[in-house]
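The values are calculated or read from the model by the stated rules, or taken from the named source; none is laboratory data. Source: prediction; values computed, not measured. A quick note on method: Cβ atoms are made from the backbone with ideal geometry, for glycine too, and the neighbour counts reach across all protein chains shown.
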Amino acid sequence: MQLQQLRYFLMVEKTRHFTQAADILGVSQPTLSKQIHTLEATLGAPLFERIRGGVSLTAAGQTLFPLAQRMVADADAAQEAVSDIVGLRRGEVRLGATPSLCSSLVPEVLRTFRAAHPDIQLYVNEGGSQDLIENLQAHTLDLALIVQPEEGVDDSLSTTPVLRESLVVASVADGPPPTPHAQIALSELEHTPLVMFRAGYDIRGVTLEACQKAGFAPKFAVEGGEMDAVLAFVEAGLGVALVPSMVLANRPLLRATPLAPPGMRRTIALAHRKRSVLPHAAQALRATLLHHVATQKLPLGVRPL
């Protein structure tokens with residue numbers, strides 16, 4: 001039994017005439033008759049009986065009629081639903097990103113995506129890179145913007161480097177600068193109180209390792225916060241912090257002082273599972289993000305890859 005045969009059957013029932021049904025369907029009358037006969041042979045019973053001026057349903061035809069209506073309607077609904085997904089008229093996308101990116105790059109990308117695809121539901125998960133990687137592997141995220149480790153990521157994931165950003169020293173704008181120079185050597189922070197991120201935060205480990213290589217152990221004015229808290233503590237004048245340059249773009253109360261060469265940089269990558277086909281909505285968001293990074297003006301200290 002084929003879906004096309006059921007459509008032919010329903011049209012004959014509607015018109016009660018083979019020739020009229022064939023004209024509406026755009027097929028020849030012999031073709032229509034052959035398909036109905038094949039359907040009858042499959043079911044083992046005649047579906048129509050000839051009456052004066054047309055045809056009417058047999059008992060078998062009356063039994064098939066509501067079932068055929070439902071089967072054709074379900075098939076049409078399935079096709080429409082899939083078309084909506086493919087055409088981005090419905091669906092969802094789950095994006096993970098680090099807090100620094102959630103407060104800088106991600107809002108602009110989502111605004112562009114939302115304007116183009118208003119019917120797609122967006123879910124954002126803010127977290128550290130390792131947590132986001134675990135969420136990708138657990139299939140609770142489609143995409144994640146992560147800080148790419150130097151040793152790479154798990155083989156189950158595919159990463160696309162998106163941008164490279166520098167870390168800068170953030171200090172309160174109306175206070176004295178952390179150095180009289182245009183750039184600051186990391187060693188100049190040896191006696192400056194730092195506002196430090198919580199344990200497990202991406203930047204904390206990088207900062208501590210860099211200070212160790214520079215020959216000192218940093219002093220903490222306060223520690224334990226995430227990005228928004230750390231920036232607020234710096235704005236309050238509690239100390240300075242090493243932060244990605246991107247997060248200071250909309251922070252007029254803070255000053256960004258570049259680090260002297262070699263500086264500190266990190267690569268931001270867009271990750272997804274290798275062996276999973278990205279949903280159409282996730283593919284569209286990925287394309288939107290890559291296009292944004294490639295074409296839009298990025299903050300000082302950030303360059304596309």
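Filtering region 1-28 down to residues that are of a type in the set (Val, Ile, Thr) and in a helix (DSSP H, G or I), which residue is farthest from Phe48 (Cα to Cα)?
Looking only at region 1-28, we keep the residues that are of a type in the set (Val, Ile, Thr), and these are 12, 15, 19, 24, 27.
Next cut, in a helix (DSSP H, G or I) only: 12, 15, 19, 24.
On the way: Val12: 9, Thr15: 12, Thr19: 14, Ile24: 19 Å.
Going through the qualifying residues, I end up with Ile24.
Return the residues of region 211-222 that are assigned to a helix (DSSP H, G or I) and loosely packed, with under 14 Cβ neighbours inside 10 Å; say none if nothing qualifies.
Matches in region 211-222: Gln212, Lys213.
Residues to consider are Leu300, Leu270, Leu278; find the one that is touching a helix residue (DSSP H, G or I) at 6+ places or on another chain (Cβ under 8 Å), farther than 17 Å from Pro178 by Cα, of a type outside the set (Lys, Arg) and modelled with pLDDT of 95 or more. Quick ask: steps written out before the conclusion?
Details: Leu300 fails: modelled with pLDDT of 95 or more; Leu278 fails: modelled with pLDDT of 95 or more.
Exactly one residue qualifies, and that residue is Leu270.
What number of residues within region 83-105 satisfy the criterion of being modelled with pLDDT of 75 or more and either more than 16 Å from the chain's Cα centre (by Cα) or of a type outside the set (D, E, K, R) (or both)?
13
List the strands (runs of 3 or more DSSP E) that sit entirely inside region 223-290 and contain at least 2 residues that are free of Cβ contacts under 8 Å to residues at least 12 places away in the same chain.
Details: elements: 241-244, 254-258, 265-273.
Here the list is empty.
Tell me, yes or no, whether region 69-79 has at least one residue that is in a loop (DSSP other than H, G, I, E, B), surrounded by 14 or more Cβ atoms within 10 Å (Cβ to Cβ) and modelled with pLDDT under 90.
No, region 69-79 contains no residue that is in a loop (DSSP other than H, G, I, E, B), surrounded by 14 or more Cβ atoms within 10 Å (Cβ to Cβ) and modelled with pLDDT under 90.
Any residue at all in region 283-291 that is under 32 Å from the mean Cα position of the chain (by Cα), surrounded by 14 or more Cβ atoms within 10 Å (Cβ to Cβ) and either of a type in the set (Ser, Thr, Tyr) or farther than 30 Å from Ala81 by Cα (or both)?
Quick first cut of region 283-291, residues under 32 Å from the mean Cα position of the chain (by Cα) only: 283-291.
Retained after the next criterion (residues that are surrounded by 14 or more Cβ atoms within 10 Å (Cβ to Cβ)): 283-286, 288-290.
In the following step, the residues that additionally are either of a type in the set (Ser, Thr, Tyr) or farther than 30 Å from Ala81 by Cα (or both) were identified as 288.
Yes: region 283-291 contains one or more residues that are under 32 Å from the mean Cα position of the chain (by Cα), surrounded by 14 or more Cβ atoms within 10 Å (Cβ to Cβ) and either of a type in the set (Ser, Thr, Tyr) or farther than 30 Å from Ala81 by Cα (or both).
Among the residues that make up region 228-248, is at least one of them within 22 Å of the chain's Cα centre (by Cα), within 21 Å of Cys102 (Cα to Cα) and not charged (D, E, K, R)?
Narrowing region 228-248 to residues within 22 Å of the chain's Cα centre (by Cα): 246-247.
Narrowing the set further to residues that are within 21 Å of Cys102 (Cα to Cα) leaves 246-247.
If we keep only those that are not charged (D, E, K, R) as well, we get 246-247.
Taking every residue of region 228-248 in turn, at least one turns out to be within 22 Å of the chain's Cα centre (by Cα), within 21 Å of Cys102 (Cα to Cα) and not charged (D, E, K, R).
Being free of Cβ contacts under 8 Å to residues at least 40 places away in the same chain and of a type in the set (S, T, N, Q) is the requirement here; does Thr58 meet it?
yes
Just to be sure, is Thr192 more than 25 Å from the chain's Cα centre (by Cα) and either polar (S, T, N, Q) or assigned to a loop (DSSP other than H, G, I, E, B) (or both)?
yes
Only one of Glu40, Glu80, Glu92 is under 30 Å from Val302 (Cα atoms) and either among the acidic types (Asp, Glu) or outside the structural domain of His117 (by TED's automatic domain parsing) (or both); which?
Glu92
For region 6-50, which positions are of a type in the set (Asp, Glu) and more than 17 Å from Phe65 (Cα to Cα)?
Asp23, the sole residue that qualifies.
For region 152-163, enumerate the residues that are under 24 Å from Ser245 (Cβ atoms) and exposed (fewer than 13 other Cβ atoms within 10 Å of the Cβ). It would help to see each step written out before you state the result.
Taking region 152-163 first, the residues under 24 Å from Ser245 (Cβ atoms) are 153, 159-163.
Selection gives Pro161 alone.
If I go through region 195-210 residue by residue, how many of them are among the charged types (D, E, K, R) and part of a loop (DSSP other than H, G, I, E, B)?
So the count comes out to 1.
Does Thr112 satisfy the criteria of being of a type outside the set (D, E, K, R) and under 30 Å from Arg16 (Cα atoms)? Talk me through it step by step, then tell me what you get.
Numbers: of a type outside the set (D, E, K, R): yes; under 30 Å from Arg16 (Cα atoms): no.
No: the conditions fail for Thr112.
Would you say Ile184 is touching a residue at least 40 places away in the same chain (Cβ under 8 Å), touching a strand residue (DSSP E or B) at 6+ places or on another chain (Cβ under 6 Å) and closer than 18 Å to Asp131 by Cβ? So that I can check it myself, show each step before the final result.
Details: touching a residue at least 40 places away in the same chain (Cβ under 8 Å): yes; touching a strand residue (DSSP E or B) at 6+ places or on another chain (Cβ under 6 Å): yes; closer than 18 Å to Asp131 by Cβ: no.
It is false that Ile184 is touching a residue at least 40 places away in the same chain (Cβ under 8 Å), touching a strand residue (DSSP E or B) at 6+ places or on another chain (Cβ under 6 Å) and closer than 18 Å to Asp131 by Cβ.
For region 82-99, indicate whether the set of residues that are on the phi < 0 side of the Ramachandran plot, in contact with a Phe, Trp or Tyr (Cβ under 6 Å, 6 or more places away or on another chain) and not in a helix (DSSP H, G or I) is non-empty.
First, the residues of region 82-99 that are on the phi < 0 side of the Ramachandran plot: 82-87, 89-90, 92-99.
Checking the rest, the ones that are also in contact with a Phe, Trp or Tyr (Cβ under 6 Å, 6 or more places away or on another chain) come to 94.
From what's left, not in a helix (DSSP H, G or I): 94.
Taking every residue of region 82-99 in turn, at least one turns out to be on the phi < 0 side of the Ramachandran plot, in contact with a Phe, Trp or Tyr (Cβ under 6 Å, 6 or more places away or on another chain) and not in a helix (DSSP H, G or I).
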